[in-house]
């Protein structure tokens, strides 16, 4: 068995008597990525072609994802290069509530276009950027967005669509909320992640998604040209949809489901779930791979969580909420009295700690791992041996090398 860990891999031997299934995004043939992009922007969904959209505008805003997302922004810009020639786009990195991007990360996001656009690249700061209030959703979310969104008559949004553990899918409306929204707006929206209907690959009835969709209704959608990309398991562009922010997103959702929703027999006694860059940057981001593992693990079974977490915990609010309690049930009880941004992750992790034994292989201090109801291990083989020591060598094992992008669809 081999799974990613940081820029390398970890391996372990598995007993021949074990029943092992490797679960990954569906393998699909490679496509002409730049060709897909150019076709999408010239024949968009429910919208005029990008060249026509920008015909009378030499200056416009391009909103791109930060380095915690696998969106191939540089490749997208290559596909847009003919349309962008002789124009002066301004770029805004949609950080949501994340920290500011580093110079190295900005270089990675823009690739060969970094030098060309470096003087016109800015980033959103959910606490300190100047905001404009647009209204309040029916669920009570005050919608405040970065002022730059209102300063341009033309905005191009570059995003990727993949499973998201409480918004259903990333992409589309997430360029705006949380992408360029205020901290208060993000916090108000994300509290709905505590509701049972907020789950991966689910949109209908999902309160987080529906609140986001209502929020973008406060903007003039005729000024938004959205590009939604679906990547295969090798991070190559499999589908490119462009045009209307909602219609292009919904079309991309179909392709994401095709690639990322994978049938498997289950439930399994042991699930090994791993994540790789950029999703393994910290525990806060890595948690998505852990959440997907619960979909195929049997109750009372074991999950081995493999993630580098080179920048540590990440947003500490969720970690502190778990670490200060001696019982995961107390975490859930505390959440009944209030909510702070990030606490939804604490809820998800506490629920899993009550149902599964979780072993973790990370770069985090062992005491930090123990404080959040996981058992730390220094290598994969030790973790496997420990798990099978109690489960038995003939156990059923599911291995998810791309845990954050693989959504198991269990068949009994």
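None of the figures in this text is laboratory data; all of them are computed from the coordinates on show. Everything quoted here is computed from the prediction, not taken from an experiment. Neighbour counts are summed over all protein chains in view; Cβ atoms, including those assigned to glycine, are modelled from backbone coordinates with ideal geometry.
How many percent of Cα pairs in segment 33-260 exceed 23 Å?
Details: 11098 of 25878 pairs.
The share of Cα pairs beyond 23 Å in segment 33-260 comes to 43 percent.
Can you list the equivalent-ellipsoid semi-axes of segment 38-172, largest first and in whole Å, using the square root of 5 times each Cα gyration tensor eigenvalue? Provide the component values of the computation, followed by the final result.
Details: eigenvalues 109, 71, 57 Å².
Square roots of five times the eigenvalues give 23, 19, 17 Å.
So how much slack lies between residue 393 and residue 139, counting 0.36 nm per residue of separation and subtracting their Cα-Cα distance, in nm? Kindly include the intermediate steps, with their values, before the conclusion.
Numbers: separation 254, 0.36 × 254 = 91.44 nm, distance 5.00 nm.
Contour length minus Cα-Cα distance gives 86.4 nm.
Treating the angle as unsigned and between 0 and 90°, give the value, to the nearest 10°, between the Cα long axis of helix 73-84 and the longest Cα principal axis of the chain.
The angle comes out near 10 degrees.
Provide Rg over Rh for segment 1-101; use the alpha carbon set for both Rg and the Kirkwood Rh (inverse mean inverse pair distance).
Details: Rg = 20.3 Å, Rh = 17.7 Å.
Result: Rg/Rh = 1.15.
Over segment 25-147, what is the relative contact order in whole percent, taking alpha-carbon pairs under 8 Å and six or more residues apart? Kindly include the intermediate steps, with their values, before the conclusion.
On the way: 136 pairs, mean separation 25.6, N = 123.
Once normalised by length, the contact order is 21 percent.
I need the calculated FRET efficiency for the pair residue 9 and residue 363, taking r as the beta carbon distance and R₀ as 22 Å, to the nearest 0.05. Numbers along the way, then the final one.
On the way: r = 15 Å, r/R0 = 0.68.
It comes to 0.90.
If I model a spin label at residue 382 and residue 26 as a point 7 Å from the Cα along the Cα→Cβ vector, what separation in nanometres do I get?
Between residue 382 and residue 26, the simple spin-label model gives 4.0 nm.
If R0 is 45 Å, what FRET efficiency do you get for residue 56 and residue 337 from their C-beta distance, rounded to 0.05? Display every interim value, and only then the final one.
Values: r = 54 Å, r/R0 = 1.19.
It comes out at approximately 0.25.
Provide 374, 201, 400 in ascending order of the number of other Cβ atoms located within 10 Å of each residue's Cβ, fewest first.
Details: 374 25, 201 20, 400 30.
In order of increasing Cβ crowding within 10 Å: 201, 374, 400.
So which residue, out of 325, 187, 103, gets the largest mean-square fluctuation from a GNM of the chain using Cα contacts under 10 Å as springs?
Result: 103 has the largest fluctuation of those listed.
For residue 116 and residue 204, what does the FRET efficiency come to when R0 = 45 Å and r is the distance between their Cβ atoms, rounded to the nearest 0.05? Before the final figure, lay out each step's value.
Details: r = 42 Å, r/R0 = 0.93.
Efficiency for this residue pair is about 0.60.
Helix-derived [θ] at 222 nm for the chain: sum -39500 (n - 2.57) over DSSP H runs of at least 4, divide by residue count, nearest 500?
On the way: 15 runs with 131 residues, N = 412.
It lands at -9000 deg cm²/dmol.
Length gain on complete extension for the stretch residue 74 to residue 46, per 0.36 nm per residue less the alpha carbon to alpha carbon distance? Don't skip to the answer; put the middle values down first.
Numbers: separation 28, 0.36 × 28 = 10.08 nm, distance 2.52 nm.
Stretched fully, the residue 74-residue 46 segment lengthens by 7.6 nm.
Sticking with the crude label model, points 7 Å out along Cα→Cβ, report the distance from residue 220 to residue 316 in nm, one decimal please.
The two pseudo-label positions are separated by 4.4 nm.
Give the percent of DSSP beta bridges with both residues in the chain that are antiparallel, rounded to the nearest 5. Don't skip to the answer; put the middle values down first.
Working: 18 of 64 bridges.
DSSP beta bridges in the chain are roughly 30 percent antiparallel.
Note the angle between two axes, namely the Cα long axis of helix 380-391 and the longest principal axis of the Cα atoms of the chain, as a number of degrees from 0 to 90, rounded to the nearest 10.
On a 0 to 90 degree scale, this one is about 50.
Subtract the Cα-Cα distance of residue 16 and residue 130 from 0.36 nm times their separation in residues, and report this length gain in nm to one decimal.
Details: separation 114, 0.36 × 114 = 41.04 nm, distance 5.99 nm.
Between residue 16 and residue 130, full extension yields 35.0 nm more.
Which angle between 0 and 90 degrees, to the nearest 10, do you get for helix 343-355 versus the longest principal axis of the chain when only C-alpha atoms count?
30
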